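The values are calculated or read from the model by the stated rules, or taken from the named source; none is laboratory data. Please read all numbers here as calculations on a predicted model, not as lab measurements. Quick reminder, even Gly has a Cβ in these numbers, built from the backbone with ideal geometry, and neighbours come from all protein chains shown. The protein model used for the area step is the full one, side chains on, heavy atoms only, and it has no ligands, DNA or RNA in it. Shrake-Rupley method; radii C 1.70, N 1.55, O 1.52, S 1.80 Å.
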Amino acid sequence: DTSSGPGPTFASLKAISKHSTANKATSIIALVPMQTGLYPSCWNLAIEQLIPKKKAGLLASKLRRITLFPAQLNHNKKYLGKRMMDYGERHSLLAIEQYGSRKSKSSIQHAWNKRMVLDWITTTHIPAIYIANDASACYDRILLMVAYLTLRRQGIPEPAAFFSISCLLRIKYHIRTAWGTSSQSFGGNQWQQEFNRIHHGI
């Protein structure tokens, strides 16, 4: 399964019967990190891979880097993201111009709003500047302490927020190419020992 890192895949998790022992065990494994901040050490491995942005575009400069986390870790992170969005919606903590990952809002509606604003500026001859900012490598630039504080502000309990950030600090990354996955890794405690600093980014 190319959509997840080492360990059980999303396909195997979806195939588990709802009333089986495997389902109970999987649920407990997912619940423990949320309530205690502790998680299995096998979640500390991830795979870095380059994929084409467009079909048949194999130039290195045209590839996009993705990180494949273990499916169970990814499941927990998606759950936390959903909880944060729900909390933000309930308590009006989200900016009105934020359309991503929100119910009843679409990219088409967002584009239409932009077009209407630009047309209004043009027809009324108002001096204006419109900035459409797509920050380069924005996820790699997120400071982990700021991410932790944001999780807490958005209603995530302390153990779950701690788990979410601490696992990012410990993950070792392997590189996958057409010739397979590398045996050597980078990141995790190695960076803290060699460079005496932590890395950031989610």
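Ordered from highest to lowest accessible area with the whole protein assembly present and a 1.4 Å probe, 167, 42 read as 42, 167. Relative to the longest principal axis of the Cα atoms of the chain, the long axis of helix 158-170 makes an angle of roughly 80 degrees. Relative to its Kirkwood radius, the Cα radius of gyration of segment 1-76 gives an Rg/Rh of 1.10.
Quick check on segment 90-130: what does the Kirkwood estimate of hydrodynamic radius come out to from the alpha carbon pairs, in Å? When all Cα pairs of segment 90-130 are included, the Kirkwood radius is 11.9 Å.
Taking one quarter of the surface of the convex hull spanned by the alpha-carbon atoms of segment 37-100 gives a direction-averaged projected area of 7.0 nm². Residue ranges 29-36, 122-129 sort as 29-36, 122-129 when ordered by packing (mean number of other C-beta atoms within 10 Å per residue, highest first). One way to sum up the overall shape of segment 89-181 is the equivalent ellipsoid from its Cα gyration tensor, whose semi-axes run 36, 21, 13 Å, largest first. Among 39, 139, 79, the sequence by solvent-accessible area, most first, with a 1.4 Å probe is 139, 79, 39. Keeping the other protein chains in place, figure out the carbon and sulfur percent of the accessible area of segment 1-126, with a 1.4 Å probe. Here carbon and sulfur together make up 62 percent of the probe-accessible area. The orientation-averaged projection of the convex hull spanning the C-alpha atoms of the chain amounts to 16.3 square nanometres.
Protein heavy-atom accessible surface, 1.4 Å probe, per residue over the chain: 70 Å².
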